[in-house]
Amino acid sequence: MKTSDNIRSEEQIISALRKLYESMGYSQFKMIKFEEYDFYVRNKDYLPSENIITFNDTNGKLMALKPDVTLSIIKNSPDRPDELNRVYYNENVYRVSKGTHNFKEIMQVGLECLGDIDSYVISEVLTLAVESLEMISDDCQLSISDLAVTAAAVDRASVKPGIKKEILRCIGEKSRHQLLEICEKENIDKSTSGLLCALATLHGKPGEVFDSLDNLLPGSAEVARLRKTVSALGKDVSDKIEIDFSFVDNINYYDGIVFKGFVKGIPNSVISGGQYNRLMEKMGKKSEAIGFAVYIDELERMFSGSSDYDTDTVVLYSKNTDIALLSEKIAALRSSGKRVSVMKKIPDKYVYGEIINLAGGEEK
């Protein structure tokens with residue numbers, strides 16, 4: 001597996017993420033691979049897909065291979081709203097892959113905080129999300145939204161739930177034209193129409209966005225809460241952050257702060273997370289919650305497509321080669337992150353990036 005100077009290998013990333021979360025007091029949450037199918041049926045609105053792999057247990061009960069980690073953590077964690085439970089996971093889920101559209105065992109790494117969630121805890125999770133991105137690449141960005149701000153703006157339109165859904169879709173697609181059409185059709189006043197259109201296209205660094213929000217939503221408690229959360233972040237973290245209110249998907253799953261993480265070279269988000277208090281309430285819990293997942297399958301796709309070579313470097317040697325010199329050269333190449341194949345003869349159709357010939361005893 002080849003990696004660039006900016007991208008670590010998948011194994012390195014998983015190991016680094018585990019150490020990062022443990023360094024902040026998160027304990028590993030271990031789960032069984034399956035739950036009762038009925039559990040996922042009751043919570044299907046919170047799943048990324050209705051496609052679930054099922055099987056019959058020995059007692060005839062219908063079981064399902066785990067398609068989601070968060071639901072299992074909520075179900076199997078104690079409900080202690082006055083305490084804070086910090087957990088991380090390194091688990092496989094079984095769902096339809098975006099790339100192949102077939103069922104796939106997908107590795108996910110992530111963390112969850114359940115219980116007493118305050119502004120500090122939210123800022124801690126956002127900080128760890130940025131640090132998780134930096135484990136993958138220095139060229140990264142965390143885009144943040146707040147569904148409470150979006151909901152406050154949409155509520156001003158005073159329209160039916162179906163129209164609200166259409167407005168949210170247009171905001172998510174940044175479609176100012178369609179928003180204006182809906183507002184005109186529903187006789188939404190120009191002030192609210194302008195607010196919704198502005199929100200759909202509002203994104204940028206926190207300072208710039210908050211200046212605009214102060215004009216669009218003066219005195220908003222939701223904006224003040226978002227500002228407080230973002231201002232609690234350190235400069236190194238805030239430099240990696242952008243605010244973007246077009247994140248309105250998974251609105252059944254998330255409420256409040258939501259975010260997605262991106263790294264250069266990967267078109268889709270590699271981190272997704274946010275607050276999911278509504279989900280906790282739906283599952284009979286009084287605790288609040290926030291968390292995120294790192295989508296290792298997105299990284300797998302990048303790694304698998306990052307090189308057409310069987311190896312980066314072929315090192316040729318012979319019986320006359322100085323073994324000490326050969327070992328030194330191999331160690332240097334590996335320490336630089338290159339894949340090395342040591343051979344006496346290169347097989348037919350073997351593809352490599354470079355060749356170092358030590359067959360004569362010295363590098364050629």
- [ ] Could you run the Karplus curve 6.51 cos²θ - 1.76 cosθ + 1.60 with θ = phi - 60° over the range 9-22 and give me ³J(HN,Hα) per residue in whole Hz, x for Gly and Pro?
- [x] 6, 4, 5, 5, 5, 4, 5, 5, 5, 4, 5, 4, 5, 5
- [ ] Have a look at L325, L226, L111 and tell me which one the Gaussian network model of the chain (Cα, springs below 10 Å) gives the largest fluctuation.
- [x] L325
Task: FRET efficiency estimate (nearest 0.05) - Cβ-Cβ, E11 to K104, R0 22 angstrom - done: 0.75
Open item on the list: Could you give the length gained by full extension between D82 and D348, i.e. 0.36 nm per residue of separation minus their alpha carbon distance, to one decimal place?
Closed with: 89.2 nm
Open item on the list: Which lysines, if any, have their Cα less than 18 Å from the Cα of K286, not counting same-chain residues under 8 positions apart?
Closed with: K75
Task: Within the chain, percent of DSSP bridges classed antiparallel, to nearest 5 - done: 75 percent
TODO: Would you list which lysines come within 26 Å of K345, measuring only between C-alpha atoms, while excluding same-chain residues fewer than 8 positions from it?
DONE: K2, K319, K329, K364
Open item on the list: Suppose every Lys and Arg Cβ carries +1 and every Asp and Glu Cβ carries -1, with no other charges. What dipole size does the chain come out with about its Cα centre, to the nearest 20 debye?
Closed with: 640 debye
Open item on the list: Within a 10 angstrom radius of the beta carbon, how do I13, I167 rank from fewest other beta carbons to most?
Closed with: I13, I167
Task: Cα long-axis angle, helix 190-201 against the chain (0 to 90 degrees, to the nearest 10) - done: 10 degrees
Open item on the list: So if I place +1 on the C-beta of Lys and Arg and -1 on the C-beta of Asp and Glu, and nothing else carries charge, what would the dipole magnitude of the range 53-175 be about its Cα centre? I want it in debye, nearest 20.
Closed with: 880 debye
- [ ] Past 18 Å, Cα to Cα, is the threshold; run K164/K205; K205/K235; K33/K282; K66/K260; K33/K260; K164/K228 against it and keep the listed order.
- [x] K164/K205; K33/K282; K66/K260; K33/K260; K164/K228
- [ ] With label points built 7 Å along Cα→Cβ from the Cα atoms of I251 and D310, find their separation and express it in nm.
- [x] 5.4 nm
Open item on the list: Which residue fluctuates most in the GNM of the chain (Cα springs below 10 Å): G194, G353, G261?
Closed with: G353
Open item on the list: I'd like the FRET efficiency for Q141 and E50, computed as 1/(1 + (r/R0)^6) with the beta carbon distance as r and R0 of 25 Å, rounded to 0.05.
Closed with: 0.20
Open item on the list: From the phi angles alone, apply the Karplus equation (6.51, -1.76, 1.60; θ = phi - 60°) to the range 316-325 and give each ³J(HN,Hα) in whole Hz, x where the residue is Gly or Pro.
Closed with: 8, 9, 9, 5, 8, 6, 5, 4, 5, 5
Task: Theoretical gain in end-to-end length, R18 to E173 [0.36 nm per residue, Cα-Cα removed] - done: 52.3 nm
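Bear in mind that the values in this text are calculations on the coordinates, not laboratory data. Quick caveat: nothing in here was measured; it's all calculated off a predicted structure. All Cβ positions, glycine included, derive from the backbone under ideal geometry; neighbour counts span all protein chains shown.
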